[in-house]
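Notes follow once the structure below has been shown.
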Amino acid sequence: MLLIKRDPTQELSLWNREFPSFRGLQSLQYDMNRIFDDFFRGDVFANDSFFSREWNPAVDIVENNDSYILKAGLPGMNKDDVKITLENNLLTIRGEKKNEYDKKEGNYSRMERCYGSFERTFSIPGTIKSNEIDAQYKDGILTVRLPKAEETKQKKIDVNVK
Amino acid sequence: MQTEILEKKTIHSILPVANIFETPKSYIVSLDIPGAVKESIKANIENNTLVISASVTIDIQSENSEASKQFYREFSLANDIDIDTVAAHYELGVLRVTLNKKQQYLSRQITIK
């Protein structure tokens, strides 16, 4: 987790941007939950700055013996609008979410969802088999499987006691 | 009832993010429910309230227990909605419920003779 110097001006701007009063209490609750989740998850992979975001998809990361599995919630997006790159052990997911309805057809009476571009970067501990990365998008969830290279896998050695 | 609740370990109860878009003829409520199976989403209208609930299985839990996320949200409806023609569609993690306005509430042009 990144340590960020406290900057009151930034906090204030975040407050204004993230909690416009018209968005209602329920969405406020949602935002609060999400911020607390992000903050207290102790996400060792998170490389992005907490205070400098526009909107960020929620991400779960699971590590098992063979691989790291990253799941990002990207509902309502086109597969082609998401780009995944791996560079120097930094995995970056970026994309753009487009507005779903044309303003000419009507008006939003409630708008809680965020639109626009996003970018999240994760540093991957250890080496992975970069040519075997597999990504799938289904039902609004992007799943990226990063298989570990042999040297990163935890080795279990049985020692015979004589 | 109680056994049903105990069967699966629920770790989250989530309020899905919603947009409501109003066109001259209808309201479209769209909710983010990523990772759901269409069959696990329930939408019904009771006492002029639209109730959306869904259960999403978290399949990447490495432990043996199978956890699930519960999505739940209610919307109270005004009386200009034609309840008989409500339609819902789930695609790419987004549920869209179309609520048509009743005929008598639609705006119409009156011709002046």
List the accessible area buried at the contact between A and B, summed over both sides and calculated with a 1.4 Å probe, in Å² to the nearest 100. 2500 Å²
Can you list the HN-Hα couplings for the stretch A:92-106, worked out from phi with the Karplus curve (6.51, -1.76, 1.60; θ = phi - 60°), rounded to whole Hz and with x for Gly and Pro? 10, 10, 9, x, 9, 9, 9, 4, 7, 10, 7, 4, 5, 7, x
In nm, spacing of pseudo-spin labels at A:Glu100 and A:Ile84 (7 Å Cα→C-beta vector): 2.4 nm
Summarise the partner chain shielding of A:137-144 as one whole number: the mean count of Cβ atoms from other chains within 10 Å of each residue's Cβ. 5
Across the stretch B:31-36, in residue order, what do the Karplus-derived ³J(HN,Hα) couplings come to in whole Hz, using 6.51 cos²θ - 1.76 cosθ + 1.60 with θ = phi - 60° and x for Gly and Pro? 10, 7, 10, x, x, 7
Would you pull out the residues with amide H under 5 Å of B:Ile33's amide H, same chain only if 5 or more places away, H placed 1.01 Å from N? B:Val94, B:Leu95
Under Karplus coefficients 6.51, -1.76 and 1.60, residue-wise ³J(HN,Hα) of the stretch B:71-86 in Hz, glycine/proline x: 9, 8, 7, 10, 10, 7, 9, 6, 7, 8, 9, 7, 5, 6, 10, 5
Cut-off under 5 Å, modelled amide H: who pairs with B:Ser26 long-range: B:Lys101
Quick one: which residues, 5 or more positions from A:Ser67 or on another chain, have an amide H under 5 Å from its amide H? H modelled 1.01 Å from N in the peptide plane, none for Pro or chain starts. A:Lys148
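The values are calculated or read from the model by the stated rules, or taken from the named source; none is laboratory data. In this text, all values refer to a predicted model and were calculated from it rather than measured experimentally. Note: ideal-geometry Cβ built from the backbone for every residue, glycine included; neighbour counts use all protein chains shown. Accessible surface areas use protein heavy atoms only, side chains included; no ligands, DNA or RNA. Shrake-Rupley method; radii C 1.70, N 1.55, O 1.52, S 1.80 Å.
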